[in-house]
1. Per residue of region 39-55, what does 6.51 cos²θ - 1.76 cosθ + 1.60 with θ = phi - 60° give for ³J(HN,Hα)? Whole Hz please, x for Gly and Pro, Karplus curve as stated.
2. For the chain, modelled as a GNM with alpha-carbon contacts under 10 angstrom, which of 30, 49, 68 fluctuates the most?
3. Can I get the semi-axes of the chain's equivalent ellipsoid? Compute them from the C-alpha gyration tensor as square roots of 5 times the eigenvalues, in angstrom, largest first.
4. Note the angle between two axes, namely the Cα long axis of helix 92-108 and the longest principal axis of the Cα atoms of the chain, as a number of degrees from 0 to 90, rounded to the nearest 10.
5. How would 1, 22 line up by accessible area, probe 1.4 Å, largest first?
6. How much length is gained if the chain between residue 117 and residue 100 is pulled fully straight, taking 0.36 nm per residue apart and subtracting their Cα-Cα distance, in nm to one decimal?
7. Within straight cross-link reach of residue 3, meaning Cα distance under 19 Å, which lysines are found once same-chain residues fewer than 8 apart are removed?
8. First measure r as the distance between the Cβ atoms of residue 47 and residue 5, then evaluate 1/(1 + (r/R0)^6) with R0 = 22 Å and state the FRET efficiency to the nearest 0.05.
Amino acid sequence: MAKLRVGVVSPEREIWSGEADMVIAKTVDGEIGIMPNHAPVLGILVDGGVLTVKRGDGDDLVAAVHGGFIAVANNDVSVLAEAAELGSEVDVAAARDALNRALASIDAESTGFDAQLEAKRARARLRAAGVEV
């Protein structure tokens, strides 16, 4: 069976690369699932989304992704994230603390765009780490 060649990068580093059976990402147009032989596509990733790379061995890769692009062509999937963090690297206590601070800030302000963005990112980090929020 055909496999996907997947690369996940941010400006700071290469997050992960390898082969996969499927990639699931949230774009501004909705959630997209990419399997081998998918039609070429270019999508804009949402801020505070979660990327899942299914590798077939049950050991899925999950990452919090904050903006960027996903490009698919010829069984190559490139995820170019503005910022990303593997679920296994998330400091759960720090993410919970960031979420609580952001939520408190939202409650204290009438407009809280920065706080809302921070809450969205903290929730994504927690989901990537496997924590229900």
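The values are calculated or read from the model by the stated rules, or taken from the named source; none is laboratory data. Keep in mind that what you see is a predicted model, and the values were worked out from it rather than measured. Cβ atoms come from the backbone with ideal geometry, glycine included; neighbour counts cover every protein chain shown. Quick note on the areas: whole protein, heavy atoms, side chains included, nothing else; ligands and nucleic acids left out. Shrake-Rupley method; radii C 1.70, N 1.55, O 1.52, S 1.80 Å.
1. Calculated HN-Hα couplings, in order: 4, x, 8, 10, x, 9, 7, 6, 7, x, x, 10, 9, 10, 10, 8, 9 Hz.
2. Evaluated over the chain, the most mobile residue of the options is 30.
3. Numbers: eigenvalues 164, 48, 25 Å².
They are 29, 15, 11 Å, listed largest first.
4. It is inclined by approximately 50 degrees.
5. Details: 1 185, 22 50 Å².
If we order 1, 22 from most to least accessible, we get 1, 22.
6. On the way: separation 17, 0.36 × 17 = 6.12 nm, distance 1.28 nm.
4.8 nm is the gain from fully extending residue 117 to residue 100.
7. Leaving aside lysines fewer than 8 places away in the same chain, those within reach of residue 3 are 54.
8. Values: r = 26 Å, r/R0 = 1.18.
With a Förster radius of 22 Å, E is 0.30.
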